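*Asks:* Sharing a structure here in structure tokens format.
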Amino acid sequence: MNEAEARLSRIAAIIQEASEEKRLCPLSELAGRLNDNSQGFADTKALLAESAPEEIKVMRGKADDYYFMEALMTEAYAIHLFRLAERNLLRLIAETTRDESRIYPRPTLLAGFLQQPFLISQKDLNNAVDKMLGSRDYSDIKLVSASNGDKFLYSEKHLNPNHAQALAEWAAVGEKENP
């Protein structure tokens, strides 16, 4: 095994470890664990771009690149972790809501953002939703409540209000009463 192959093997092991722990592996963490200097940092990034095994996936952020192993973490989960790492709560909540409205289609339980993988505090969640609902950038994001008081967000781009209301009611009440 030559030096580049040995380095790539070490890099893959670090990314695998992070993925097994259900977290992304930022390039900055790789560089730190490999004791890279500035040139080593660039070399690591180039080596991954050129020679990374197919199961290693990358998400490019504003300040860092994030890696994960597809066999150990779904892309959907990795996307949530990536949005958290980028530290833009409004975008995280809006894009998660849009994805759920488009893909499944279903509204997103607001309380879900208090749990894994998000772990957003109630105060931060309330502030983010208040800002979002008053912003033109997020004008498609709407709030709906079920009869039990559970609150959901949905995107008008993908769900109409009546459908979102019915789905929220089913998720919060109907599904529990009709097992």
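Rule-based calculations on the coordinates, nothing more; no lab input. Not measured: the values here are computed from a predicted model. Don't worry about glycine lacking a Cβ; one is built from the backbone with ideal geometry, like all the others, and counts go over all protein chains shown.
*Asks:* Sorted from fewest to most neighbouring beta carbons within 10 Å, what does the list LEU92, LEU84 look like?
*Replies:* Details: LEU92 21, LEU84 17.
Fewest-to-most ranking of LEU92, LEU84: LEU84, LEU92.
*Asks:* Kindly flag which residue pairs out of LYS62/LYS157; LYS123/LYS157; LYS57/LYS131; LYS22/LYS123; LYS142/LYS176 have an alpha-carbon separation exceeding 29 Å in this structure. Provide the component values of the computation, followed by the final result.
*Replies:* Details: LYS62/LYS157 26 Å; LYS123/LYS157 27 Å; LYS57/LYS131 33 Å; LYS22/LYS123 25 Å; LYS142/LYS176 24 Å.
Pairs exceeding 29 Å: LYS57/LYS131.
*Asks:* Continuing with this model, one more query. For the Cα atoms of the chain, what angle does the longest principal axis make with the long axis of helix 38-51, in degrees from 0 to 90, nearest 10?
*Replies:* 70 degrees
*Asks:* Calculate the dipole size of the stretch 3-79 relative to its Cα centre from +1 charges on Lys and Arg beta carbons and -1 charges on Asp and Glu beta carbons; express the result in debye to the nearest 20.
*Replies:* On the way: 9 positive and 15 negative charges, 53 e Å.
I would put it at about 260 debye.
*Asks:* Could you give the length gained on full extension between ALA4 and ALA52, defined as 0.36 nm per residue of separation minus the Cα-Cα distance, in nm? Mind showing how you got there, number by number?
*Replies:* Details: separation 48, 0.36 × 48 = 17.28 nm, distance 1.11 nm.
Using 0.36 nm per residue and subtracting the Cα-Cα distance, I get 16.2 nm.
*Asks:* When the convex hull of the C-alpha atoms of the stretch 3-79 is computed, what volume per residue in Å³ does it have?
*Replies:* On the way: hull volume 6.3 nm³, N = 77.
Expressed per residue, the convex hull around the Cα atoms of the stretch 3-79 is 82 Å³.
*Asks:* If a/c stays under 1.5 just call it rounded; otherwise compare a/b with b/c (prolate if a/b is bigger, oblate if not). Do that for the chain, with a ≥ b ≥ c from the square roots of the Cα gyration tensor eigenvalues. Numbers along the way, then the final one.
*Replies:* Working: a/c = 2.96, a/b = 2.33, b/c = 1.27.
Prolate.
*Asks:* Please give the peptides 113-121, 148-156 ranked by average Cβ packing (other Cβ atoms within 10 Å per residue), highest first, as a rough proxy for protection.
*Replies:* Values: 113-121: 13.8, 148-156: 18.3.
Sorting 113-121, 148-156 by mean packing, highest first, produces 148-156, 113-121.
*Asks:* Per-residue HN-Hα couplings for the stretch 165-176, Karplus 6.51 cos²θ - 1.76 cosθ + 1.60 at θ = phi - 60°, whole Hz, x for Gly and Pro?
*Replies:* So the Karplus estimates, Gly and Pro as x, are 4, 5, 5, 5, 4, 5, 5, 7, 10, x, 5, 6 Hz.
*Asks:* Once Lys and Arg get +1 and Asp and Glu get -1 on their Cβ, which of GLN116, LEU89, ALA78 lies farthest toward the positive end of the dipole of the stretch 74-117?
*Replies:* LEU89
*Asks:* Quick check: pseudo-label points 7 Å beyond the Cα along Cα→Cβ at GLN116 and ALA42, how many nm apart are they?
*Replies:* That separation, rounded to one decimal, is 4.0 nm.
*Asks:* Counting only helical runs of four or more DSSP H residues, what would the 222 nm mean residue ellipticity of the chain come to if each run contributes -39,500 (n - 2.57) and the total is spread over all its residues?
*Replies:* Values: 7 runs with 86 residues, N = 179.
After summing the helix terms and dividing by residue count, I get -15000 deg cm²/dmol.
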